[in-house]
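The structure appears right after this line, and notes come after that.
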Amino acid sequence: MAHIIAPSLLSADFARLDKAVALVDASPAPWLHLDVMDGVFVPNISFGIPVIKAIRPLSNKIFDVHLMIVDPDRYIGAFRDAGADRLSVHFEACTHLHRTVQAIKAAGMKAGVAINPHTPVHLLDDIMEDIDQVCMMSVNPGFGGQRFIHGTYQKLDRLRELRELRGASLLIEVDGGVSMENMAELAAHGADVLVAGNSVFGTANPAAAIRELSA
């Protein structure tokens, strides 16, 4: 399967979000990645439900929403209503992960689990067959433009092996520091979805960057 590019709106110009969404909508990227931060789970605040709801009519892309927040269970229905197609919650933020995953699915969305760089993949063993994707953080969550953590490659190998052992059909997503320089190696190690923020919106020609990353 060819890798999926998911441009991250976190790196776009917040004063011109409509233009950024339109650019992605006209691109070959099938997903739009939306990072929601609360300033508690991570040391930053981004955007939330009202922004996602406002931009939803502007795009036909799959809205891949990544919650970096505490107590995500409280907002599952609200993010569904705002237009999320896929909703990922952090392993580290969920006391009852299976219950949270089931609630996401019951709300009609695909369910994902995100893990921080220090979280070992074997902790996902008992949830593998219940989720649609794993979002592997390859930087410490909270800010865009960080340097890629090279230990991610070994974690990808372990996650891919675990997926095969369990016979799971989930997608493996990598979020953080994705670039033209490492995307081929990430795909070779098992990444199905590559979240691209600064490598798209930090360039002079974001549309061309998406096309190049998608090739």
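The values are calculated or read from the model by the stated rules, or taken from the named source; none is laboratory data. Please read these numbers as outputs of a predicted model, since none were measured by experiment. Because the Cβ atoms are built from the backbone with ideal geometry, glycine has one as well, and the counts that use them run over all protein chains shown.
As a summary of the residue check, Gly83 satisfies the conditions (1) in contact with a Leu (Cβ under 8 Å, 6 or more places away or on another chain); (2) at pLDDT 95 or above except for the one numbered (1). Kindly check whether there is at least one residue in region 29-47 that is closer than 26 Å to Asn140 by Cα, out of contact with any Leu (no Cβ under 7 Å at 6 or more places or on another chain) and among the polar types (S, T, N, Q). Within region 29-47, one or more residues are closer than 26 Å to Asn140 by Cα, out of contact with any Leu (no Cβ under 7 Å at 6 or more places or on another chain) and among the polar types (S, T, N, Q). Among the residues making up region 40-72, those that are touching a residue at least 60 places away in the same chain (Cβ under 8 Å) and farther than 26 Å from Asp125 by Cα are Pro43, Asn44. Looking across region 89-130, the residues that are among the charged types (D, E, K, R) and over 21 Å from Gly167 (Cβ atoms) come down to Glu92, Arg99.
Look through Ala111, Ala106 and report the one residue that is within 21 Å of Lys61 (Cβ to Cβ) and modelled with pLDDT of 95 or more. Spell out the reasoning first.
Details: Ala106 fails: within 21 Å of Lys61 (Cβ to Cβ).
So the residue among Ala111, Ala106 that is within 21 Å of Lys61 (Cβ to Cβ) and modelled with pLDDT of 95 or more is Ala111.
Yes/no per residue for (1) surrounded by fewer than 21 Cβ atoms within 10 Å (Cβ to Cβ); (2) of a type outside the set (Lys, Arg); (3) within 19 Å of Val139 (Cα to Cα):
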{"position": "Ser27", "(1), (2), (3)": "no, yes, no"}
{"position": "Val65", "(1), (2), (3)": "no, yes, yes"}
{"position": "Asp73", "(1), (2), (3)": "yes, yes, no"}
{"position": "Phe91", "(1), (2), (3)": "yes, yes, yes"}
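Filtering region 162-178 down to residues that are over 18 Å from Asn116 (Cβ atoms) and without any contact (Cβ under 8 Å) to a residue 40 or more places away in the chain, which residue is surrounded by the fewest Cβ atoms within 10 Å (Cβ to Cβ)? Ranking the qualifying residues of region 162-178, first place goes to Gly167.
For region 107-150, residues that are surrounded by fewer than 15 Cβ atoms within 10 Å (Cβ to Cβ) and farther than 28 Å from Ile45 by Cβ total 6.
In the set (1) free of Cβ contacts under 8 Å to residues at least 24 places away in the same chain; (2) out of contact with any strand residue (DSSP E or B) (no Cβ under 7 Å at 6 or more places or on another chain), the condition left unmet by Tyr75 is number (1).
Being touching a strand residue (DSSP E or B) at 6+ places or on another chain (Cβ under 6 Å) and either modelled with pLDDT of 95 or more or among the acidic types (Asp, Glu) (or both) is a property that Asp38 lacks. Taking region 179-215, which residues are among the β-branched types (Val, Ile, Thr) and surrounded by fewer than 21 Cβ atoms within 10 Å (Cβ to Cβ)? Thr203, the sole residue that qualifies.
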